[in-house]
Amino acid sequence: MPQPTPPRTNPSFTPCESPASPASPAPKDLDVSTDSEGITTAASPCQSAEDVRMKELIRDPKDTERFRHVKVDFRRRYEWEQYALKMDRKATPAYLLNKVLRAVFTREEFVASGGQGLKTKEGTDRPPLDAVRISAVREYIRSMCTRHKWEEMSDRTFNSKVNQRCANARRDAKGQQ
């Protein structure tokens, strides 16, 4: 008689610690959500759907803790990368940069920030964007360019695109008021 196969488990799933939770949650206990792109996920009551789908953007082999907290939705990241492979080689890094910036920073962070803080005007007290997350985005773009033999984005262009993203977010926020 064949042995029953053990149930498949998700390694990234963290079960609830409460003793009242059942060993296998009933479907009514699951948090089912659908995002703006139509992706539906389900998670336990103690774990949000976003936590299940979040993975590290990039890992620094020299310092594994450096970018550990910079996480993006792995499904969306896969979609960007697949779309980028079909694009013009020259426009691809800028496309990826815009997508990754939107995933790593919120709109409110862009509005409140002064870009990367490279140039500050007198009388402005806007803090710069988080330098660790900016470094992670920069390394991700470089690694994708190297991996796919795309033209690498210069630091000047990178800085300009990040600052433009902040300026556009401030302009859009002002227009919505």
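The values are calculated or read from the model by the stated rules, or taken from the named source; none is laboratory data. Computed from a prediction, not measured in an experiment: that's the story for all the values here. A quick note on method: Cβ atoms are made from the backbone with ideal geometry, for glycine too, and the neighbour counts reach across all protein chains shown. Only protein heavy atoms, including side chains, enter the accessible area calculation; ligands, DNA and RNA are left aside. Shrake-Rupley method; radii C 1.70, N 1.55, O 1.52, S 1.80 Å.
When restricted to residues that are surrounded by fewer than 16 Cβ atoms within 10 Å (Cβ to Cβ) and either under 12 Å from L97 (Cα atoms) or not small (G, A, S) (or both), segment 155-169 contains 6.
A single member of E151, E79 is open to solvent by 70 Å² or more (accessible area, probe 1.4 Å), charged (D, E, K, R) and within 14 Å of the chain's Cα centre (by Cα), and it is E79. The selection criterion, being open to solvent by less than 80 Å² (accessible area, probe 1.4 Å), of a type in the set (V, I, T) and assigned to a loop (DSSP other than H, G, I, E, B), holds for T64. Residues being modelled with pLDDT of 80 or more, under 21 Å from V162 (Cβ atoms) and out of contact with any strand residue (DSSP E or B) (no Cβ under 9 Å at 6 or more places or on another chain) are represented in segment 50-65 by at least one member.
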